[in-house]
There are 4 protein chains.
Amino acid sequence: MAGSTFGKILKVTTWGESHGPAIGVVLDGFPAGMELSEEDIQIYLDRRKPGTSSVTTQRKESDTVQILSGVFEGKTTGTPISMMIRNEDHHSADYSEIMNCYRPGHADYTYDQKYGFRDYRGGGRSSARETACRVAAGAVAAKLLKVMGIDLCFYTAAIGDVVIDRSRFDRALIGNHPTNMPDAVAAEEALALIEEMRQAQDSVGGMVEGRIRGVPAGIGDPVFDRLDATLAQALMSVNAVKEVGIGDGLFSSLRSGSHNNDAFYTDEDGIIRKRTNHAGGILGGISDGSDIVVSAYFKPTPSIAQAQETVETDGTPKALFIHGRHDPVVVPRAVVVCECMCALTILDAMLANMSAKAENVLRFYQH
Amino acid sequence: MAGSTFGKILKVTTWGESHGPAIGVVLDGFPAGMELSEEDIQIYLDRRKPGTSSVTTQRKESDTVQILSGVFEGKTTGTPISMMIRNEDHHSADYSEIMNCYRPGHADYTYDQKYGFRDYRGGGRSSARETACRVAAGAVAAKLLKVMGIDLCFYTAAIGDVVIDRSRFDRALIGNHPTNMPDAVAAEEALALIEEMRQAQDSVGGMVEGRIRGVPAGIGDPVFDRLDATLAQALMSVNAVKEVGIGDGLFSSLRSGSHNNDAFYTDEDGIIRKRTNHAGGILGGISDGSDIVVSAYFKPTPSIAQAQETVETDGTPKALFIHGRHDPVVVPRAVVVCECMCALTILDAMLANMSAKAENVLRFYQH
Amino acid sequence: MAGSTFGKILKVTTWGESHGPAIGVVLDGFPAGMELSEEDIQIYLDRRKPGTSSVTTQRKESDTVQILSGVFEGKTTGTPISMMIRNEDHHSADYSEIMNCYRPGHADYTYDQKYGFRDYRGGGRSSARETACRVAAGAVAAKLLKVMGIDLCFYTAAIGDVVIDRSRFDRALIGNHPTNMPDAVAAEEALALIEEMRQAQDSVGGMVEGRIRGVPAGIGDPVFDRLDATLAQALMSVNAVKEVGIGDGLFSSLRSGSHNNDAFYTDEDGIIRKRTNHAGGILGGISDGSDIVVSAYFKPTPSIAQAQETVETDGTPKALFIHGRHDPVVVPRAVVVCECMCALTILDAMLANMSAKAENVLRFYQH
Amino acid sequence: MAGSTFGKILKVTTWGESHGPAIGVVLDGFPAGMELSEEDIQIYLDRRKPGTSSVTTQRKESDTVQILSGVFEGKTTGTPISMMIRNEDHHSADYSEIMNCYRPGHADYTYDQKYGFRDYRGGGRSSARETACRVAAGAVAAKLLKVMGIDLCFYTAAIGDVVIDRSRFDRALIGNHPTNMPDAVAAEEALALIEEMRQAQDSVGGMVEGRIRGVPAGIGDPVFDRLDATLAQALMSVNAVKEVGIGDGLFSSLRSGSHNNDAFYTDEDGIIRKRTNHAGGILGGISDGSDIVVSAYFKPTPSIAQAQETVETDGTPKALFIHGRHDPVVVPRAVVVCECMCALTILDAMLANMSAKAENVLRFYQH
């Protein structure tokens, strides 16, 4: 069954394998008339690109996006925005080592079981390369959110057990330090841990955190399409994510109600606010006007260079050595992926919300 | 926008407010020909019912389900199964205390912001009473899963900071101890904590864990509709859930790849298995044949009897005292809700999977 | 697979069999704050009710609707509106004649083939009784459309080969003449034809036409969700409909382009209009501001009292006599069903359209 | 809102404007393991291509399809099949004549009203060029249907008032005569009519008919997703279609029930059949095993070379002359488009049907 489409009013459909001729995305339902250029999108894609630092793989991917439809004379037309990224060196690789066996921690075995065979070239459809398409679509959504005054601040909050100290929060480090950690001390510690892992031919996981400021109260739908539920789907669908939290997440489960409830008060401008934000900006599945706070925990990269026990597709035991260079950690590159998935989710919910009140529907159609 | 429908092939639509005449659910897309009676469903609803123990509220809800359609001569017909539960004492309550103010931790404020007004009777649509409808639908799905040999084992794994010791796992306690904790020692400890909270006019959260055994490898769809992503949506959509994990969840983020990867091997029967199950039975969003393991963290019940700071709907400060009896913890009652949401998610994915291979489509239409 | 849900933002889900305890509908995604009472809906249901005239069946159905959720203090809440209609005399009928055979022109055979058995009581789910639920939902949509100044005028345009003469159009006859034909001469002629058919133990078909005035230009989405395509689905999904036209429909296929194109001009108020409306108010799948004109052709009622050749479920030949009273024509009662399906389709498209322009999204979120 | 996606299990998403760099389609949910090459698709695209005959436009479009994903080692992978067609001469055209005015019968005005501006290059998204993408996707579906023994026979049944005589039906003419009419006499008559229209700088419409043989009984879902309703949406969504019929369509509305009902009988092989097929193979929205018969009526091409009254975008009156060569009739080229839309619809319904019976679900998961 189809599973490559996300969203209700704003629909994202990604396609492509890591080693086919190209990957791409179709963004349908985006409002007409917003200025959009390939540069707007390229900036986001570049944030996902493997860097030159020791943190990420050295694979050469220029990831140049091309807009094929949905933009005319520099503005979105309201019809599908099709974006494509060519896979540059997709013929060169040697997959003889992995084509007949199942890499632990990867989707090789499960795709084989589902489909009867698989595209073994670098994971095919299950490769994290697919997330570049989400970034391209998310960049478009993020641009409109930005015009509406909504600020998405996403960063690496943990690498392994190195967690940022929020009292040292320095936003300038995001995008400028290879870890994308907004805490200079933790960032250096994390870098050392990553280097240690690399030398041990091992890998490490971590956590991405996001704070979305400026979303008005009232966004999200009741019951199954609650904003927290759709954010959870959005983030859990990112490769390697194993846990997703909203607000204080599991820490809320450790507190008493009197300490976890966020008290309401009225500020000097007569605006109703909350004293605290344990809820992470969502109550009953609907935004409350506070920062929306999300966290996504990533497992360590499954591709490691040391010997691993596995089997061939016929069941024969095999000691697997995965060659080539792989990221010892995916978390820093995944920051922009999480940000983009949340941008798409939030914008979709905001578009959906426009018809929540009959009076707004009537007002809309009266002018 | 509509948000009360869940699922793709198997669609669940719930309706109803906590204090309207009734609540209900329509389950569409369920296969024809399975025997189904109201008793099958009532068993599940009774597991959610507030008990007589000190753990749960004393509110009298008989929650008797009535099947209104979709079953003929004792079997499902393939057409929508409509189930209704009357709200028995929906006229009696007094809401003068809360109708004009926003209860902290509840959806009062956000519904008001979204819709311009709200049904203030016990939370209306945002009440956890809605989850009874999910249980009714989930009971139907669970019955078919059971025939297929799939076992869903859900339980309370933590109340506050009292966590079960899995080495003392005793399944018989689930459903028989008021906490639904499968560890006799932790269960008693948790009971004491709950009692302490009640006396302090406070509340506490916890964690529900689930293990789903017998799901074949290959279930789930790539990219956005990954099995872990839809399970995350399903669980996060349950009232009070703030974090959802798959397999080892966040603990995976603390390990190295060499310790987190699950090695494959071939057992004596020639079946490919995994040495460990850190992944929780899902790789690349698709089931791998191991137990599917999920966890859902709940915040403490927001309704507490002690004084809370809040505001009236016009912004006037108010000290709120919530009267009536409320559960000091929702986790034990939420076990069956989580189980039912997962049953619906898994069955939907299994139905969707039937057309994954062309050879299966051809075989199906050849006889 | 589920098939009982219609709409994108405004979702209608119907349930129920003709002879179960009740039928019903859940309308989700309807904007909050519109006044709504059971009387608003009952008026529409009464238009569908079998009358006392010779045109329709004498079956006693009071079809009293009950709102179970989604309305609070007389206004829609934005959450699912659940409506139920009890089946009053659902135990009394005798189905021994039809339970083991396939009625020609009915869905008996196809449901049996699909599901392995069927609810043989009066057609079960395939009964036109299900359309009462669409009328209940459509009445809600129609009320909001009316406030927006949109007028839906639906009527019988043909019974068999008796077609109305549009130069004699008399709207007052709709709802007041048993045929619902807005032409006094044709209406009487049609009545005679129906009586003739009744006496011959036969039945006759016809055509429902609808004109929807006041829909602004710009409603509908490109490509697959074109307004004409969704109207076609909506109307073709009504029992007994075999053909659906938009505007001049098939007559357009008989004209040359120079006679079929609707010329644009600017009227004295500076508004761009069309000289003619062959297109029926839709160009490229999007409304053009002219009247939206639809037509739906109905086959004759398949239930006729004369002997019919058929087979039993095991293939044994059988001469079938269908007892009981049946409508010799369904068209007059189907008028309100078509009207309601179009109301739901148009309102859904109008809600969807609110986010078509980025400038409207920005304006919405600036106040 | 998004409108460029069609289907439930098998999802088709098209993108692209007539004069952008490319158009394309993503087909998601297609079963894995079917052999597929670009040649399979090109054959269908070539059937849609403007020919060298006098019937169609002389525009040079090679319409070469490229598969970008979803096929590996010659077989479908189960993941999205992305196909792209480059627009070859998209820079050359001169649109100064139409960019500031509304062509009668086109979507210029309605897109402008909806989106605030439009891509005026050849209709942009509203161009019939988009249907090439539907053909590419439909070719893939048709291939699997063919393996299942399902035969789709689509042809031109009428051009203007020249209708085929079914007693002279000659399938060999389809694809070989420029009209695609399977009746040699009518085909020549139609050709003469088309030539007459061309010389008069005018255009003409017509009707496409399709017969789908071999669909087993039981396909389609009840109520809104009836097979006839989805076929109606599918066909009405094709550019220029104004009316859609199933089986005898409107002719059924002119008959009495005793003449329109299809009697059931058991043939010599013990198979239940119908004596006639007025229903067009669908009863109650579900296939009955007979040929599925559909008809789609097309309006005449709106682009005609003679002077037309219209207005500029600011309302100024204008006499429009559309230059360039345009098809005086679109019907022959639309045959394959209708066929492909039906192939997609039927296959989607067949995939959905696999889970209709619980016994089939159980059987599927037992081996």
*Please state which of the following conditions A:Asp291 fails to meet, knowing it meets all the rest: (1) open to solvent by 10 Å² or more (accessible area, probe 1.4 Å); (2) touching a helix residue (DSSP H, G or I) at 6+ places or on another chain (Cβ under 6 Å).*
(2)
*Which of (1) more than 7 Å from every other protein chain (Cβ to nearest Cβ); (2) touching a strand residue (DSSP E or B) at 6+ places or on another chain (Cβ under 8 Å); (3) touching a residue at least 24 places away in the same chain (Cβ under 8 Å); (4) under 16 Å from C:Pro104 (Cα atoms) is the odd one out, the single condition D:Gly210 does not satisfy?*
(4)
*Go through segment C:243-266 and count every residue that is within 24 Å of the chain's Cα centre (by Cα) and open to solvent by 10 Å² or more (accessible area, probe 1.4 Å).*
4
*Given A:Gly280, A:Gly218, A:Gly270, A:Gly245, which one is within 7 Å of chain B (Cβ to nearest Cβ), closer than 15 Å to A:Cys342 by Cβ and either in a loop (DSSP other than H, G, I, E, B) or touching a residue at least 40 places away in the same chain (Cβ under 8 Å) (or both)?*
A:Gly245
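Does segment B:171-190 include one or more residues that are in a helix (DSSP H, G or I), at pLDDT 95 or above, in contact with a Gly (Cβ under 8 Å, 6 or more places away or on another chain) and on the phi < 0 side of the Ramachandran plot? Give the derivation first.
The first filter runs over segment B:171-190 and keeps only residues in a helix (DSSP H, G or I), leaving B:171-173, B:184-190.
With the extra rule that they be at pLDDT 95 or above, the set shrinks to B:171-173, B:184-190.
From the residues that got through so far, the ones that are in contact with a Gly (Cβ under 8 Å, 6 or more places away or on another chain) too are B:190.
Add one more test, that the residue is on the phi < 0 side of the Ramachandran plot, and what stays is B:190.
Yes, the conditions are met somewhere in segment B:171-190.
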*asked:* Need the failing condition index for A:Asp94 against (1) outside any helix (DSSP H, G or I); (2) under 24 Å from the mean Cα position of the chain (by Cα), just the number.
replied: (2)
*Considering only segment C:255-288, state which residues are aliphatic (A, V, I, L, M) and touching a helix residue (DSSP H, G or I) at 6+ places or on another chain (Cβ under 9 Å).*
C:Ile272, C:Ala279, C:Ile282, C:Leu283, C:Ile286
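Taking segment C:113-126 on its own, how many of its residues are open to solvent by 20 Å² or more (accessible area, probe 1.4 Å) and at the interface with another protein chain (Cβ under 10 Å from one of its Cβ atoms)?
First, pick out the residues of segment C:113-126 that are open to solvent by 20 Å² or more (accessible area, probe 1.4 Å): C:113, C:116-118, C:120-122, C:126.
Applying the additional criterion that residues be at the interface with another protein chain (Cβ under 10 Å from one of its Cβ atoms) yields C:113, C:116-118, C:120-121, C:126.
The total comes to 7.
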_Pull out all pairs, ordered by first then second residue, where Cβ-Cβ is under 7 Å, the residues are six or more apart or on different chains, the first lies in segment B:142-165 and is at the interface with another protein chain (Cβ under 8 Å from one of its Cβ atoms) and under 26 Å from B:Glu196 (Cβ atoms), and the second is among the small types (Gly, Ala, Ser) and assigned to a strand (DSSP E or B)._
B:Ala158/B:Gly206; B:Gly160/B:Gly206
*What are the residues in segment B:303-324 that are surrounded by 21 or more Cβ atoms within 10 Å (Cβ to Cβ) and in a loop (DSSP other than H, G, I, E, B), if any?*
B:Ser303, B:Ile304
*Subset of segment B:325-362 that is without any contact (Cβ under 8 Å) to a residue 60 or more places away in the chain and in a loop (DSSP other than H, G, I, E, B) - its residue that is surrounded by the fewest Cβ atoms within 10 Å (Cβ to Cβ)*: B:Met354
*Among the candidates D:Gly138, D:Gly149, residue that is in a loop (DSSP other than H, G, I, E, B) and among the small types (Gly, Ala, Ser)*: D:Gly149
_Here is a list: C:Ser295, C:Ser290. Which entry is in a loop (DSSP other than H, G, I, E, B), of a type outside the set (A, V, I, L, M), in contact with an Asp or Glu (Cβ under 9 Å, 6 or more places away or on another chain) and more than 7 Å from every other protein chain (Cβ to nearest Cβ)?_
C:Ser290
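Mind counting the residues in segment B:159-170 that are part of a loop (DSSP other than H, G, I, E, B) and either out of contact with any strand residue (DSSP E or B) (no Cβ under 7 Å at 6 or more places or on another chain) or buried (at least 24 other Cβ atoms within 10 Å of the Cβ) (or both)?
Initially, segment B:159-170 is screened for residues part of a loop (DSSP other than H, G, I, E, B), giving B:160-161, B:164-165, B:169-170.
Cutting the leftovers down to either out of contact with any strand residue (DSSP E or B) (no Cβ under 7 Å at 6 or more places or on another chain) or buried (at least 24 other Cβ atoms within 10 Å of the Cβ) (or both) gives us B:161, B:164-165, B:169-170.
Residues meeting the conditions: 5.
Quick test for you: out of C:Thr156, C:Thr110, pick the one residue that is among the β-branched types (Val, Ile, Thr), crowded, with 24+ Cβ neighbours inside 10 Å and under 28 Å from D:Ser287 (Cα atoms). So that I can check it myself, show each step before the final result.
Values: C:Thr156 fails: under 28 Å from D:Ser287 (Cα atoms).
From the options C:Thr156, C:Thr110, the qualifying one is C:Thr110.
Can you tell me which residue within segment D:231-242, out of those that are facing another protein chain (nearest Cβ under 7 Å) and part of a helix (DSSP H, G or I), is most open to solvent (accessible area, probe 1.4 Å)?
Of the residues in segment D:231-242, the ones facing another protein chain (nearest Cβ under 7 Å) are D:232-233, D:236-237, D:242.
Then keep just the ones that are part of a helix (DSSP H, G or I); that gives D:232-233, D:236.
Details: D:Ala232: 0, D:Gln233: 21, D:Met236: 0 Å².
It comes out as D:Gln233.
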*asked:* If D:Asp228 meets every condition in (1) charged (D, E, K, R); (2) part of a helix (DSSP H, G or I); (3) out of contact with any helix residue (DSSP H, G or I) (no Cβ under 7 Å at 6 or more places or on another chain) apart from one, which number is that one?
replied: (3)
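Select from segment D:7-51 the residues that are in a strand (DSSP E or B) and open to solvent by 20 Å² or more (accessible area, probe 1.4 Å) and list them in ascending order. Show your work before the answer.
Pass one, segment D:7-51, residues in a strand (DSSP E or B): D:11-16, D:22-28, D:32, D:35.
Once the filter is applied, which keeps residues that are in a strand (DSSP E or B) and open to solvent by 20 Å² or more (accessible area, probe 1.4 Å), segment D:7-51 yields D:Lys11, D:Glu35.
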*Quick one: A:Pro300 ticks every box in (1) facing chain B (nearest Cβ under 8 Å); (2) surrounded by fewer than 24 Cβ atoms within 10 Å (Cβ to Cβ) bar one, so which box is it?*
(2)
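For segment A:104-117, which residues satisfy the criterion of being touching a Gly at 6+ places or on another chain (Cβ under 6 Å) and farther than 21 Å from A:Ala334 by Cα? Steps first, please.
To start, the set of residues in segment A:104-117 that are touching a Gly at 6+ places or on another chain (Cβ under 6 Å) comprises A:107, A:110, A:113-116.
The answer is A:Thr110, A:Gln113, A:Lys114, A:Tyr115, A:Gly116.
Results for (1) among the basic types (Lys, Arg); (2) out of contact with any Pro (no Cβ under 8 Å at 6 or more places or on another chain); (3) closer than 26 Å to B:Gln306 by Cβ, shown as yes or no for each residue.
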| position | (1), (2), (3) |
| --- | --- |
| B:His177 | no, yes, no |
| B:Glu189 | no, yes, yes |
| B:Gly218 | no, yes, no |
| B:Pro222 | no, yes, no |
| B:Arg226 | yes, yes, no |
| B:Gln233 | no, yes, no |
| B:Lys242 | yes, yes, yes |
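The values are calculated or read from the model by the stated rules, or taken from the named source; none is laboratory data. Bear in mind the structure is a predicted one, so any value in this text is a computation, not a measurement. Glycine also receives a Cβ, built like all others from the backbone with ideal geometry; neighbour counts cover every protein chain displayed. We work out accessible area using only protein heavy atoms, side chains counted, and drop any ligands, DNA or RNA first. Shrake-Rupley method; radii C 1.70, N 1.55, O 1.52, S 1.80 Å.
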